[in-house]
Structures are given as structure tokens and as C-alpha cells.
Amino acid sequence: MRGRGGPTSGEVFARVARRYDAVNRILSLGRDGAWRRAAIAHLPPGRVLDLGAGTGAANREFGTRRVVALDPSAPMLDLNPQRRRVTGYGERLPFADGSFDAVFSAYVFRNVESVPETLAEIHRVLRRGGAAAVVDLSRPASAWKRALHRVGTALVLPLVGLLARSPREYWYLHRSLDRLPPPERLFGEGPLALERLWRMGPFGFVYGVVLRKQR
């Protein structure tokens, strides 16, 4: 999970670790937890990998599942109360084949160096029949909403960065929204079967997907 042509995503989020979740709650008008819950509800019980776990914002949503938290940012993981914590990258997961019943990832895929490699690794560590749920941000589907959203994030995120005393980091978040194709294309041709995709939030700029390992 590294940024292209600049600081790694681990370095970016290390600098905003203590403020990151609070700012996310403000920017989402308090809906970020509900968006995570909507995706986690599709995961089976058992052992789950929280890919890009950060400070553990999703912990309360996992219920009785046995969680392993992985993130490239050690300072963020240090703030995560999960007992099982691993510093690592999505492109090179340090786990054996078929180690997990489920994988969850929230707001991570815009920051990985290689989406195909990350999806291949998720496929590898999932057991057969296991599921992955992803929540992330994308530009809205329609052209006019996409243009309006781009202007909005160009104005709002740098302002948030100034208030959080991290202008470079939040400008990075604005630019990351244009790095990837829409989720319909991003997840439609990988090694995992696209089982469900839905949009959430104003203009549908938040999406959720459920992926299944069939072989």
C-alpha cells in the first residue's frame, strides 16, 4: 500500500494517525461506521483479515470474528487495540494460503501500489468459499456529479488539511480519488467473483463491494 511518485501511504497516514478517524467522522457526517457495517454484514464468521486496519475504526463492527489487523503504518497500528497486529502491505501478505474466512478493507484500495497484486493476495489467503468486503471512495458515476465532486474535494480537503495541520496529506487524499477506474471495472475482472456492488453517501461517492473466492 504505497503511493506512486511520492511518499508511501504508510508515511502519509503515519503523520495524521491521531486525527485521521476523527476527521473521517466529520467528513462523512458520522456515517463512516454505518458504511463499514453495511459491508461487514456480508462477511462469514471466523477469522478475518482487516486489510489496512489503521487505528481500528472497524473493530466494534466485527462482532465475535477473530481479527488480524494489518497496516503499512506502524504508528497507526500502535493506536489499534487489536491483539493480533501485523505491519505489512496488501501486495505481499505475510500469511499462508487459505488462512482466512474473510477479508475486510475500508478506504485502502486508492492507496495500494498494485490493485491486481492486492486482489491476487486476497484470493490466495482466503479459504475456498470465503468472502472479501471492500468499502472505499470513488468519483460519482454520472459526469456532472463527478465534475462537481472533483471541485468540492479540491476545495474541502485542503481546507480540512489546514485545520488538521496536515495540508500535504489531505491534498494527497483528494488526488487519490482519480487514481483508479470506477469500482465496476476495478473489481469486475479480478480473481475473485464480484458478488455485489452498491453505492452510498451523497452523490454515491462511497461504494461497497462483496467478492467471493470460488476456486
A correct Karplus calculation of ³J(HN,Hα) over the stretch 84-97, with 6.51 cos²θ - 1.76 cosθ + 1.60, θ = phi - 60°, whole Hz and x for Gly and Pro, returns 9, 10, 9, 8, x, 10, x, 6, 9, 6, x, 9, 6, 4
State, to one decimal in nm, how far the label point of Ala193 lies from the label point of Arg212, with both points 7 Å from Cα in the Cβ direction. 0.4 nm
In nanometres, what is the gap between the two model label sites at Ala96 and Arg37, each 7 Å from Cα along Cα-to-Cβ? 3.6 nm
Classify the stretch 85-145 as rounded, prolate or oblate, taking a ≥ b ≥ c as the square roots of the eigenvalues of its Cα gyration tensor: rounded when a/c is under 1.5, otherwise prolate if a/b is larger than b/c and oblate if not. prolate
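All of the numbers you see were taken from the coordinates with simple rules; none came from a lab. Computed from a predicted structure; not experimentally measured. Note that we place each Cβ from the backbone using ideal geometry, even for glycine, and neighbour counts take in every protein chain shown.
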